[in-house]
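Here's the structure we're looking at; comments come further down.
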Amino acid sequence: MFINSNLSSGKASKMLEVINPATEEIIGEVPQGGEKDSLAAVDAAKQALSGWKKMPASERAAYLHQAAAGMREHHDELVRLLTMEEGKPIPENEEELWWSEETFDYYAELGRHDRGQVIPPGDPAQFNFVMKEPWGVVACIVPWNYPILLMAWKVAPALAAGNTVIIKPSELTPLTTLRLAEVAFSHLPAGVVNIVTGYGPDVGEPLVSHPDVDMVAFTGSLATGQRIASLAAPQMKKLHLELGGKDPMVIAPDVNIATAVSGLAYSALLNTGQVCTSTERVYIHESIYPKFTEELADFVSKLRLGNGLDERTDIGPMIRGKFRDKVRSQIDDALQSGAKLVLGGKIPPDFDRGYFLQPTVLVDVDHAMRVMQEETFGPVIPLMPYRDFDEAIQLANDCQYGLGATLMTHDAKLVKRFFENVQAGTIWINDPLTDNFAGPFGGMKMSGLGRELGQEGFDEFCQVKHVHWDMEGHLKEYWYPY
Ligand code: NAD
């Protein structure tokens, strides 16, 4: 753990094994922390708050740039470690690290440029302005699928805004985050960044419930988000929740089929489908549905499964067997309800180790099936034909989640109807899953509360204060007696 600038094995007597999902080998151990560790981290973050909050923004910016530089200096090593603990192929981890490094640089600059505002007073003798202040101590609770990126999207804006933080990485992927304590956070004043490791109920819940934790920034499943919200409610704690998704992709009849097939395969199978914005439901215009299905199956059948460290690998393993079991149960449920398997659906016979699952294409699915309603978080592509565009929009919206949505077309009228009517926090046209530092990212409906990235992702970590200053201080005619 990393508490108050000390790297230690914490107060835990038990250790937690970290497993490479491609080989099932143990690649490291970290402390299985408990409440005492969380309390020590809160204490350190609270002690550090006043100094960090009052520091000139340009000095904080320098610290953030240095964090980015430290990550860049150890880029290759971090990419390799991340590949070993998370499983996705090297090029995807290269990208995760690049995005994370850039996020620290982006918020370093945004933080030092950020301004409050002066607003029109109600009287010439008065002065009104709005200030932004940090919330205080922020618990950043992170999932396993993008451990460094999703940490960066919280920690960088939180620090830039003057908060101190406690990072709680997933128990499945704590190693790269801990390495950052040495290569990216060791130069920071003690207590500004702390890292506690362990299971959610053991170390996460004490953070969420602690009265000295002023904000919880969480990315993870809907169920955990609901649990965190219920724990935080009695204290009316500021919450920032990035939860699950079930993203639709609509494919219009005018597309170039080969291009759309390639875009769909990428957006559904990136990180073995374990992306919150993975395409998990596909609606294809009926005029191109048979040809599209055939070309997709052909394309996907040529993708190579393997260890993420092998440069020939397109698709890595899933993170653990229990997640693969859940995906297989959704496939079985669909097949029992009338869906047909075009491709995949099985544990590949030539892999005796690792949590691999063949990329899977399903047809004849409908919205009564779990695979079209529940988050799958695996390499499954269910295809449905649609007749007219209103039907496609209705199907896209027929889901409790509203994280992202993609439309493939060059028809501007369809684009307008899509972004005006589809309920999702991000709309992608022809380029799914591409983020933008300045573009807010987050969900509608059950996909969460708040936004990451951009100015919006900075403002989440600030509370605003309105100052109403009457400089003359005369008696007011609207005071008592009436
Ligand atoms: P998870 O909810 O199981 O765990 C996420 C984190 O919360 C982990 O660090 C875990 O230890 C911690 N945690 C678990 N129980 C807790 C508790 N009771 N109190 C406090 N902390 C607790 O999620 P996961 O399996 O790690 O990640 C996959 C999920 O994350 C998927 O649902 C995916 O859609 C979602 N996700 C969302 C986004 C987004 O931006 N919306 C991005 C990536 C992943």
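The values are calculated or read from the model by the stated rules, or taken from the named source; none is laboratory data. The structure displayed is predicted, hence computed values, not measured ones. Neighbour counts are summed over all protein chains in view; Cβ atoms, including those assigned to glycine, are modelled from backbone coordinates with ideal geometry.
Is it the case that T224 is of a type outside the set (A, V, I, L, M), in contact with a strand residue (DSSP E or B) (Cβ under 6 Å, 6 or more places away or on another chain) and either within 11 Å of the ligand (Cβ to nearest atom) or part of a helix (DSSP H, G or I) (or both)? Taking the combined requirement at face value, the residue does not satisfy it. For the stretch 196-216, the criterion of being touching a strand residue (DSSP E or B) at 6+ places or on another chain (Cβ under 7 Å), within 14 Å of the ligand (Cβ to nearest atom), within 16 Å of M1 (Cβ to Cβ) and hydroxyl-bearing (S, T, Y) is met by at least one residue. Among the residues of the stretch 158-174, those identified as more than 12 Å from the ligand (Cβ to nearest atom) and in contact with a Cys (Cβ under 9 Å, 6 or more places away or on another chain) are A158, A161, G162, N163, V165. Residues in the stretch 432-452 include at least one that is more than 27 Å from T164 (Cβ to Cβ), without any contact (Cβ under 8 Å) to a residue 24 or more places away in the chain, of a type in the set (S, T, Y) and within 15 Å of the ligand (Cβ to nearest atom).
Listed residues T409, T376; which is within 16 Å of the ligand (Cβ to nearest atom), of a type outside the set (A, V, I, L, M) and in contact (Cβ under 8 Å) with a residue 60 or more places away in the chain?
Values: T409 fails: within 16 Å of the ligand (Cβ to nearest atom).
Checking each option against the conditions leaves just T376.
Could you tell me whether the stretch 111-127 includes any residue that is over 21 Å from K465 (Cβ atoms), assigned by TED's automatic domain parsing to the domain that holds A217, basic (K, R) and free of Cβ contacts under 8 Å to residues at least 60 places away in the same chain? So far as the stretch 111-127 goes, no, none of its residues is over 21 Å from K465 (Cβ atoms), assigned by TED's automatic domain parsing to the domain that holds A217, basic (K, R) and free of Cβ contacts under 8 Å to residues at least 60 places away in the same chain. Could you list, in sequence order, the residues of the stretch 1-17 that are in contact with a helix residue (DSSP H, G or I) (Cβ under 7 Å, 6 or more places away or on another chain) and either surrounded by fewer than 21 Cβ atoms within 10 Å (Cβ to Cβ) or closer than 24 Å to A156 by Cβ (or both)? Passing the criteria: M1, F2, I3, N4, L7, K11.
Determine which member of the set K154, K132 is part of a helix (DSSP H, G or I), touching a residue at least 40 places away in the same chain (Cβ under 8 Å) and closer than 18 Å to R451 by Cα. Talk me through it step by step, then tell me what you get.
Working: K132 fails: part of a helix (DSSP H, G or I).
Result: K154 is the single residue among K154, K132 that is part of a helix (DSSP H, G or I), touching a residue at least 40 places away in the same chain (Cβ under 8 Å) and closer than 18 Å to R451 by Cα.
Scanning the stretch 243-302 for residues that are in contact with a Phe, Trp or Tyr (Cβ under 9 Å, 6 or more places away or on another chain) and assigned to a helix (DSSP H, G or I) yields a count of 12. Out of the stretch 317-341, which residues are in a loop (DSSP other than H, G, I, E, B) and within 16 Å of the ligand (Cβ to nearest atom)? P317, M318, I319, R320, listed by residue number. Restricting V422, V371 to residues that are touching a strand residue (DSSP E or B) at 6+ places or on another chain (Cβ under 9 Å), surrounded by fewer than 24 Cβ atoms within 10 Å (Cβ to Cβ) and at pLDDT 95 or above narrows the list to V422.
For the stretch 302-329, a residue qualifies if it is out of contact with any strand residue (DSSP E or B) (no Cβ under 7 Å at 6 or more places or on another chain) and within 28 Å of D366 (Cβ to Cβ), and the qualifying residues are M318, K322, F323, R324, D325, K326, R328, S329. Does at least one position in the stretch 206-214 carry a residue that is surrounded by 24 or more Cβ atoms within 10 Å (Cβ to Cβ), modelled with pLDDT of 95 or more and more than 26 Å from T164 (Cα to Cα)? No, the stretch 206-214 contains no residue that is surrounded by 24 or more Cβ atoms within 10 Å (Cβ to Cβ), modelled with pLDDT of 95 or more and more than 26 Å from T164 (Cα to Cα).
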